[in-house]
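For reference, the structure is listed below as structure tokens.
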Amino acid sequence: MVKEIERAGLPVVHVCTIVPISLTVGANRIVPAVAIPHPFGDPARTAAEEKEIRRHLVEKSLQALQTEITEQTVFAD
Amino acid sequence: MSYRIIHYINQFYAGIGGEEKADVAPEIREGVVGPGMAFKGALGADAEIVATVICGDSYFASNMEKTSAEIIEMMKKYKPDAVIAGPAFNAGRYGTACGALCEAVVKELGIPAVGGMYPENPGVEMYKKSFYIVETPDSAAGMRKAVPAMAGLLLKLLKGEKLGTPAEEGYIERGVRKNKFYDKLAAERVVDMFTAKLKGEPFVTEYPMPQFDRVDPQPAVKNMKNAVIALVTSGGICPVGNPDHIEASSASKFGEYDITGIDDLTCDAFCTAHGGYDATYADEDSDRVLPVDVLREMEREGVFKKLHNKFYSTVGNGTAVASSKRFGAEIASRLIADGVTAVILTST
């Protein structure tokens, strides 16, 4: 899906936990997430902390979308 | 003396549990567990499964290198002659785990490893060059076919027997080139192929071209303050009740859901349809998979112009590549028609 959407003309950031799969599939902008069942959260934390984690990941995603790249790029911390 | 085999399986095939147990740490047990019984029969007297390693799929996928190293250490004590992994069929995390482990087995222990996967399993593309992966059907219904093929190939490798071509032996091409003599010259063979092609007759190429399906990155978003951001997910988020009946695995469709006026994906209104991960956390708070709450905040702060009022969702669990392509193309055309600038696609 990432590739088809990008092919059609929209920049896509793929936020996912298993980065090697995303690289194999061919996503261009990749942001590593927290964990498989909760990529944008962490149930072990308080709701406020979770939201902070989520906000940080979304900010990083938007940053990735604003970064010019020429090849597959993983935007790690 | 019979060969000593170690078998790798996930928590599901070990009978420990489904997705709710996918984070169990690796353990090793003596003897056969689960599908090991079938391998025991297929291997006969030549080889014996001396131990079985079990690990949760999510545990492995979350710490691949560390887990491989841990398991290799566990295996050493049993002095294995070879490793069998799976079969993983079309289970992505399981296939990836089998692949990462077998790659480490071949490299670190210097012994043969055989796995079994459906060709679309992401573990194939990632690890097919590192070890032998027998081609299997896409679900456990293919177990009876997969086991004898995997066992047969493993015994050949252990005995040092000469292997035929991947098609003859039933494993997925590893990209290994071998010299071979033909009676006919290359020039004659190519003309034969060409004439067969012209006549519409079947022919087999001697060197299939690799297929690199890559898409060039789109230019970056220049002016975020003017951008319309859309959310798409393979994590199965949908309104409670799953109105479009998106399948829990092998999805045949995607859903389009309006979030006009919704600031937060609360548990009374949204859940996940995904059957490939523990749904507890997504059902409690779907923002953990699709961050609508945070995007709404940022929309208000003016970080970007607008969060698109629809999100798109399907279940990426054993879903065919062809279906995903179709969903992606259709979603893209709708997003473009609606004036979306960029997409955040989330996967579990």
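The values are calculated or read from the model by the stated rules, or taken from the named source; none is laboratory data. Since this is a predicted model, take the numbers as computed values, not measurements. For neighbour counting, all protein chains shown are included, and Cβ atoms are generated from backbone atoms with ideal geometry for every residue, glycine included. Remember, those area values only see protein heavy atoms, side chains included, never the ligands or the DNA or RNA. Shrake-Rupley method; radii C 1.70, N 1.55, O 1.52, S 1.80 Å.
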Practice problem: State the number of residues belonging to region B:217-245 that are under 23 Å from the mean Cα position of the chain (by Cα) and at the interface with chain A (Cβ under 8 Å from one of its Cβ atoms). | Solution: 3
Quiz item: A:ASP42 is checked against (1) within 19 Å of B:VAL292 (Cα to Cα); (2) crowded, with 19+ Cβ neighbours inside 10 Å and fails just one. What number does that condition carry?
Solution: (2)
Self-check item: When residues of region A:24-34 are limited to those that are under 12 Å from the mean Cα position of the chain (by Cα) and not polar (S, T, N, Q), the one farthest from B:GLY235 (Cα to Cα)
Solution: A:ARG29
Quiz item: Do any residues in region A:7-20 that are within 12 Å of B:ALA230 (Cα to Cα) have Cβ atoms under 6 Å from those of residues that are part of a loop (DSSP other than H, G, I, E, B) and open to solvent by 10 Å² or more (accessible area, probe 1.4 Å), where the two are at least six apart or on different chains, and which pairs are they?
Solution: A:PRO11/B:GLN218
Quiz item: What do you reckon, is B:GLU330 open to solvent by 30 Å² or more (accessible area, probe 1.4 Å), closer than 19 Å to A:ARG55 by Cβ, among the charged types (D, E, K, R) and out of contact with any helix residue (DSSP H, G or I) (no Cβ under 7 Å at 6 or more places or on another chain)?
Solution: no
Practice problem: Return yes when B:VAL134 is more than 17 Å from B:VAL204 (Cβ to Cβ) and part of a strand (DSSP E or B) and no when it is not. | Solution: yes
Quiz item: Somewhere in region B:327-339, is a residue at the interface with chain A (Cβ under 9 Å from one of its Cβ atoms) and over 15 Å from A:LEU10 (Cβ atoms)?
Solution: no
Quiz item: Does at least one position in region A:52-66 carry a residue that is more than 19 Å from B:ALA22 (Cβ to Cβ), facing chain B (nearest Cβ under 7 Å) and open to solvent by 40 Å² or more (accessible area, probe 1.4 Å)?
Solution: yes
Quiz item: Residues in region B:127-153 that are open to solvent by less than 40 Å² (accessible area, probe 1.4 Å) and either of a type in the set (S, T, N, Q) or over 25 Å from B:MET37 (Cα atoms) (or both): how many?
Solution: 3
Quiz item: Inside region B:97-126, can you point out the residues that are within 14 Å of another protein chain (Cβ to nearest Cβ), in contact with a helix residue (DSSP H, G or I) (Cβ under 7 Å, 6 or more places away or on another chain), surrounded by fewer than 22 Cβ atoms within 10 Å (Cβ to Cβ) and not in a helix (DSSP H, G or I)?
Solution: B:GLU120
Quiz item: Picking from A:PRO20, A:PRO37, which residue would you name as being buried (at least 24 other Cβ atoms within 10 Å of the Cβ) and either over 26 Å from B:ASP285 (Cα atoms) or facing chain B (nearest Cβ under 7 Å) (or both)?
Solution: A:PRO37
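Which residue is nearest to the other protein chains (Cβ to nearest Cβ), if the candidates are limited to region A:1-17 and must be of a type in the set (D, E, K, R) and open to solvent by 20 Å² or more (accessible area, probe 1.4 Å)?
The initial filter retains those residues of region A:1-17 that are of a type in the set (D, E, K, R), namely A:3-4, A:6-7.
Applying the additional criterion that residues be open to solvent by 20 Å² or more (accessible area, probe 1.4 Å) yields A:3-4, A:7.
Values: A:LYS3: 5, A:GLU4: 3, A:ARG7: 5 Å.
Here the answer is A:GLU4.
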